[in-house]
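A.B. asks: Sending over a structure as structure tokens; questions will come in a sec.
The values are calculated or read from the model by the stated rules, or taken from the named source; none is laboratory data. This is a predicted model, so every value here is computed, not measured. Every residue, glycine among them, receives a Cβ derived from its backbone with ideal geometry; neighbour counts consider all protein chains shown.
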Amino acid sequence: MTMHVLICDDSGFARRQMARCIPDGWDVEIAFAEHGEEALELIRAGKGDVLFLDLNMPVMDGYETMAQIRQHDLPCMVIVVSGDVQAQARAKMLSLGAIDFIRKPIDNEKLSEILAAYGIYNGDISADNRHVESMAPTSAPFDEKLDAYREMVNIAMGRAGENLAQLLGEFIDLPIPNVNLLESNELSMAIAEINQNESVSAVSKGFVSGGIRGEALVIFNDTNTQNIVELLKYDTYESSGNVELEALMDVSNILTGACLNGLAEQLDLSFSLTHPVLLGQHQGLAALLSDNVKKWGKVMAVEIGYAIKARNISFDLLLLFPDKAMDEIYSRLVGVNKEHK
């Protein structure tokens, strides 16, 4: 008997990746949704016996979607597929009725174990013949490449959020990352819009591997600094300047280290990292970045705005790549995805 499988994710790249992991021997009809509202419509239409659900999406996210499924008692088994695997995120979704979690990128063995455990499918786990339309690296349009970069960063962002949550014991609110290709002068204006406060601090770290290089910036609003120091429980008897600097360095090292490890894993690379550099404290954002935005003519800029709402803390991670790295990144993403299929 054919089972209706629904894949809900705002990324077309992620939807295709999930569909390619569905075992060949599982008799399914696959439907797709870009956000929760669309998924609910399809479930009500009988297209969602099993729902693979992302968490961070526009219009209606995974949490809201799961709450609606439970409230209206919709006939659907939900498996969360997300880059955000914080303990609190997992606990919340399981409490709402999701049957399990799968970390992105998809692990086929983990998927088969979950399907078998719940009696959904226990046959051959091979997905070698599962055909899903996809673009070759050389023919993919620009928007499709941006979507692939966004999904790559989404996964890495979740890894960094998980590490930070474990260290701080707080839930980290994760956004949908912004990915844009900009001229260097446009980047200056775009970065200025990240934080409207006059005084910020920033820490920079460079990275390189396999012909891909870039720079990671963690930008802190100075009004958050004391809250971060208190959350990290540093010795308050030290001078305030040293404590603030230590806090900025520690948080930036956790974020950039975990995020870049997440990127490297997806690209089958191992990045070499430079030592973190404090670009400045208590300065205007334009002054902090003036020496860094002129390195490349065009820049792929990735903005991730992390927040700890319970502590009124927010900071931005900005990943900058020269535009020449874009094709290499996309080729590696598609190639690694095919190898791990």
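A.B. asks: Quick test of your reading of the structure: residue 52 fulfils all but one of (1) crowded, with 24+ Cβ neighbours inside 10 Å; (2) without any contact (Cβ under 8 Å) to a residue 12 or more places away in the chain. Name the failing condition by number.
C.D. replies: (2)
A.B. asks: Let me ask something else. Within segment 231-248, can you find the residues that are of a type outside the set (S, T, N, Q), at pLDDT 75 or above and over 17 Å from residue 168 (Cβ atoms)?
C.D. replies: Of everything in segment 231-248, just one residue is of a type outside the set (S, T, N, Q), at pLDDT 75 or above and over 17 Å from residue 168 (Cβ atoms), namely 245.
A.B. asks: For segment 68-89, check the following and say yes or no: at least one residue is surrounded by fewer than 18 Cβ atoms within 10 Å (Cβ to Cβ) and either touching a residue at least 60 places away in the same chain (Cβ under 8 Å) or hydroxyl-bearing (Ser, Thr, Tyr) (or both).
C.D. replies: Yes; the residues of segment 68-89 include at least one that is surrounded by fewer than 18 Cβ atoms within 10 Å (Cβ to Cβ) and either touching a residue at least 60 places away in the same chain (Cβ under 8 Å) or hydroxyl-bearing (Ser, Thr, Tyr) (or both).
A.B. asks: Now for a different question. Can you run down the residue pairs with Cβ atoms below 6 Å, 6 or more apart or on separate chains, where the first is in segment 208-228 and part of a strand (DSSP E or B) and the partner is aliphatic (A, V, I, L, M) and surrounded by fewer than 21 Cβ atoms within 10 Å (Cβ to Cβ)?
C.D. replies: Qualifying pairs under 6 Å: 209/269; 212/325.
A.B. asks: How many of the residues in segment 37-49 are more than 17 Å from residue 11 (Cα to Cα) and crowded, with 21+ Cβ neighbours inside 10 Å?
C.D. replies: Within segment 37-49, residues that are more than 17 Å from residue 11 (Cα to Cα) and crowded, with 21+ Cβ neighbours inside 10 Å number 3.
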